[in-house]
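What follows is one structure encoded as structure tokens, with my remarks underneath.
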């Protein structure tokens, strides 16, 4: 008998059709009455397909007593109730590596967009204002780049930054012995070094509001903050105040603390470039992420090891 799978988050277009070949699929998000659906099929659900933003809630887990695996599209685990599902013996798979290039590209794009005032210039031309209020932009090439989190994505960002002749530093819990970049023991020291500070660490309690007032003070009035990691890692009120008071130069933000809600103060700032958690949103990457979700579910129910498990 086919295993029953619950779709509990937005999925790329290549996922559901493939899952329906091998499993009995129930779409929780698309159900007219999601709670009635859970009441009817919850005890039969053995796998969940979701994404790193929507994840799974404690209430959803309560309704799935026989759950064996959660396959998530994305790399973040802060929405997956990881401590609870591990204690219950539920396997978790994510989709690392396939999104590294796109997120790194977007980090560089954010740096250029903020420093060279690309979005402000676009708005001016469309409104017939030409150079009004523009002033001069700021160079990216040859500047100092600080990376908070030199993991898979951070390393790809660094390689791209090398092409801009940037001096690169990084901070994380441990030094990477196989890279030529400067390691900083503290985030404050990294911020003080940086012209651009790129945040690419995962969310969760360990990183919550790591980028706080002290870090922003260290980044300074010529510094630009770029966040392509998780919104929870930045103290948004401290960031708003630093931008309003000119204590940092600008920011490029792909993620926010309470998505999809964005502090209204940020919306009015020309020195801030905003995006709707979009860094990995290319057709190629989303299809690859979706394929990994399918492949991990197929592997589990075929008795094979997961391709990309969360250890």
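Sorted by mean Cβ packing within 10 Å, highest first, what order do the peptides 34-40, 22-28, 150-156, 195-201 take?
Values: 34-40: 14.1, 22-28: 17.9, 150-156: 21.7, 195-201: 26.6.
Sorting 34-40, 22-28, 150-156, 195-201 by mean packing, highest first, produces 195-201, 150-156, 22-28, 34-40.
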Spin-label pair residue 241/residue 86, simplified geometry with 7 Å Cα→Cβ offset, distance in nm: 3.4
Listed residues 239, 64, 225, most fluctuating in the chain (Gaussian network, C-alpha, under 10 Å): 64
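How big is the antiparallel share of DSSP beta bridges in region 130-265, given as a percent to the nearest 5? Please list the in-between numbers first.
Values: 1 of 21 bridges.
Approximately 5 percent, going by the DSSP bridge assignments.
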Working from Cα positions, state the angle (0 to 90°, nearest 10) between the long axis of helix 152-162 and the longest principal axis of the chain. 30
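Pairs of alpha-carbon atoms within less than 8 angstrom and 6+ residues apart define the contacts here; what relative contact order does the chain have, in percent? Mind dumping the intermediate values first?
Numbers: 590 pairs, mean separation 55.2, N = 311.
Value for the chain: 18 percent.
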Which whole-number percentage describes the relative contact order of region 100-274, with Cα contacts under 8 Å and a sequence gap of 6 or more? 21
Mind checking the angle between helix 283-301 and the chain's longest principal axis? C-alpha axes, 0 to 90 degrees, to the nearest 10. 30
For region 194-266, compute Rg over Rh where Rg is the Cα radius of gyration and Rh is the Kirkwood radius from the inverse mean 1/r over Cα pairs. 0.92
In deg cm²/dmol, rounded to 500, what helix-only [θ] at 222 nm does the chain give when every DSSP H run of at least 4 residues adds -39500 (n - 2.57) and the total is split over its residues? -10000 deg cm²/dmol
Prolate/oblate/rounded call for region 100-274, Cα gyration tensor, a/c under 1.5 rounded: prolate
For a quick protection proxy, order the peptides 93-99, 169-175 by their average other-Cβ count within 10 Å, most packed first. 93-99, 169-175
Within the chain, what percent of beta bridges assigned by DSSP are antiparallel, to the nearest 5? 5
Computed over the chain, the Cα gyration tensor eigenvalues, each multiplied by 5 and square-rooted, give semi-axes in Å (largest first) of 39, 21, 18
For region 171-311, what are Rg and Dmax over the alpha carbons, in angstrom? 18.0, 58
Express in whole angstrom the spacing between the alpha-carbon centres of region 30-72 and region 137-178. 39
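Quick one: which of 121-130, 66-75, 136-145, 244-253 comes out on top by average Cβ neighbours within 10 Å, and what's the full order, highest first?
Details: 121-130: 11.5, 66-75: 23.2, 136-145: 15.2, 244-253: 18.9.
Averaged packing, sorted descending, gives the order 66-75, 244-253, 136-145, 121-130.
We did not get these values from a lab; they are worked out from the coordinates using the rules stated. The model shown is predicted, which means the values in this text are computed figures rather than measured ones. With ideal geometry, Cβ positions are generated from the backbone for all residues, glycine too; neighbour counts draw on all protein chains shown.
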